[in-house]
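The values are calculated or read from the model by the stated rules, or taken from the named source; none is laboratory data. Just so you know, these numbers come straight off a predicted model, no measurement behind them. Note: ideal-geometry Cβ built from the backbone for every residue, glycine included; neighbour counts use all protein chains shown. These accessible areas exclude ligands, DNA and RNA; they are computed on the full protein's heavy atoms, side chains included. Shrake-Rupley method; radii C 1.70, N 1.55, O 1.52, S 1.80 Å.
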Amino acid sequence: QKTGSSWFYEKRFTINDEEYEFEGEIESSSYGFQLKATTFRRINENSKEGIVTYLSSELFPGIGKKAAEKVFDALGDEALKLIVDDRSVLDNIDITLKQKDSLYENLIIHYAKEKQLVELLNFGIGMGMSVRIINVLGDKAAKTVKENPYQLIDLVEGIAFLRADEIAKKLGFKEDDPKRLVALIHYVIKSLIYSTGDSYVEKDDLFEKVTNFSNTINDVINQENFNHYLETLKQTKKIIIEDEKYIFDHSVYYDEINVAKCISQILKNDKTDYNKKDIPQVIEDVMTINNITYSPKQIEAIE
């Protein structure tokens, strides 16, 4: 629908089995057309059937159909908004105090989530990813993403650097933003470790790989700020630096230490009353007990 010089659009989505309708203005950007939502509503949220079905759903523990009908009969088609705005509207309704608490507290939670959803959609984040972020961060979702989308890498499963970087660009983060470069360096460290099978990367090699990735060495990464960003990663316990040369991912570093301790304990074991022929059967027993399957290379290493 066109109003003046603007185009308005409405779109329906299904979220957690609830159907919503978003309205807003279509905007053009370098990422194509997107809907900047201005208002939203739950489909049929103002009808008796819609409100009773919603309030008697599993989202509101302890609220059955009869209690939901009492709420609608007392408050009408604006019931949800009235409750959120003023809990006391429930005082004279013939339902238990526990049911009133459930209604009010869960409506506040769900309304807050819906507002977060609109903000995340307006950041250019897809519906599925927005819901996942809200489920983890709750009412801090939009604020966290806006301040530093690279935090999502550590907070939300399924979001790695490239996805966070895409979100950051939509929010206007520049290529030389320190938050981006710190996350980029950590991403390159982990990529090199997992691609080579080594538990560390040498500092000079890392610098070369990071600058190649950024493609704008003079403007984005130089030796001075590279060292500064490494120190930031060290202070936030993302990496370990040994001998000012070897860079370890923090978790991989301690995994290696734990493996070394286990091997040390095995080597210090003075019990030698075993037969090498028994080892394959013991390995089979371990796999059965733990419901795992070792590869031939792993079995060779264990032996």
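Could you derive backbone 3J(HN,Hα) for the stretch 121-138 from the dihedral phi with the Karplus parameters 6.51, -1.76 and 1.60 (θ = phi - 60°), listing whole Hz in sequence and x where the residue is Gly or Pro?
4, 6, 7, x, 8, x, 4, x, 5, 4, 4, 5, 5, 5, 4, 8, 9, x
Along the positive direction of the dipole of the stretch 246-293 (beta-carbon charges: Lys, Arg +1; Asp, Glu -1; about the Cα centre), which of CYS262, MET287, ILE247 reaches farthest?
Result: CYS262.
Residues of the stretch 90-232: accessible area per residue at 1.4 Å, in Å²?
Values: 7450 Å² over 143 residues.
Normalised by residue count, the accessible surface of the stretch 90-232 is 52 Å².
Please report the carbon-and-sulfur percent of the accessible area for the stretch 117-171; probe 1.4 Å, protein heavy atoms only, DNA, RNA and ligands left out. Intermediate values should be presented prior to the final figure.
On the way: 1200 of 2470 Å².
So the carbon and sulfur contribution to the accessible surface is 49 percent.
Determine the gain in length on full extension of the stretch VAL259-GLU208; use 0.36 nm per residue of separation and subtract their C-alpha separation, reporting nm with one decimal.
Difference between extended and current length: 15.3 nm.
Which lysines, on any chain, are close to LYS146 with Cα under 19 Å apart, when same-chain ones fewer than 8 places away are left out?
LYS36, LYS113, LYS115, LYS169, LYS170, LYS174, LYS179
Please list, in order along the stretch 141-152, the HN-Hα scalar couplings obtained from phi with the Karplus expression 6.51 cos²θ - 1.76 cosθ + 1.60 (θ = phi - 60°), rounded to whole Hz, x for Gly and Pro.
These are the phi-based 3J(HN,Hα) values: 4, 4, 4, 5, 5, 5, 6, 7, x, 6, 5, 4 Hz.
So if each residue of separation counts as 0.36 nm, and I subtract the Cα-Cα distance between TYR194 and GLU244, what length gain in nm does that give?
On the way: separation 50, 0.36 × 50 = 18.00 nm, distance 2.14 nm.
Roughly 15.9 nm would be gained on extension.
Rounded to the nearest 10 Å², what accessible area does HIS250 show when all protein chains are kept and the probe is 1.4 Å?
Near enough 50 Å² of accessible area.
Evaluate the relative contact order of the stretch 109-256 (contact order divided by residue number), counting alpha-carbon pairs under 8 angstrom at least 6 apart; express in whole percent.
Dividing the mean separation by the residue count of the stretch 109-256 yields 18 percent.
Using packing as a proxy for protection, rank 75-82, 191-198 so that the peptide with the highest average count of other Cβ atoms within 10 Å comes first.
So the peptides 75-82, 191-198, ranked by packing, come out 75-82, 191-198.
May I ask which residue of LEU171, ALA183, ASN225 lies farthest towards the positive end of the charge dipole of the stretch 162-251, with charges of +1 (Lys, Arg) and -1 (Asp, Glu) on Cβ and the Cα centre as origin?
Farthest along the dipole direction, towards plus: LEU171.
What's the extension gain from ASP85 to SER251 if we count 0.36 nm per residue and subtract their Cα-Cα distance?
Numbers: separation 166, 0.36 × 166 = 59.76 nm, distance 4.66 nm.
Computed gain between ASP85 and SER251 is 55.1 nm.
Extending each Cα 7 Å along its Cβ direction at LYS140 and ASP73, get the distance between those two points in nm, one decimal.
Inter-label distance under the simple model: 4.4 nm.
Where does each of 258-267, 126-135, 277-286 land if you order them by average Cβ count within 10 Å, highest first?
126-135, 277-286, 258-267
Straight-line reach from LYS143: which aspartates and glutamates have Cα under 13 Å away, leaving out those fewer than 8 places along the same chain?
Excluding near neighbours in sequence, the set is GLU119.
Can you put LYS170, LYS115, LYS98 in order of accessible area, largest first, using a 1.4 Å probe? Don't jump to the answer; show the numbers that get you there.
On the way: LYS170 65, LYS115 125, LYS98 165 Å².
Of LYS170, LYS115, LYS98, the descending order of accessible area is LYS98, LYS115, LYS170.
Toward the positive end of the charge dipole of the stretch 70-228, about the Cα centre and with charges on Cβ (Lys, Arg +1; Asp, Glu -1), which of LEU120, ALA160, VAL201 goes farthest?
Towards the positive end, the residue furthest out is LEU120.
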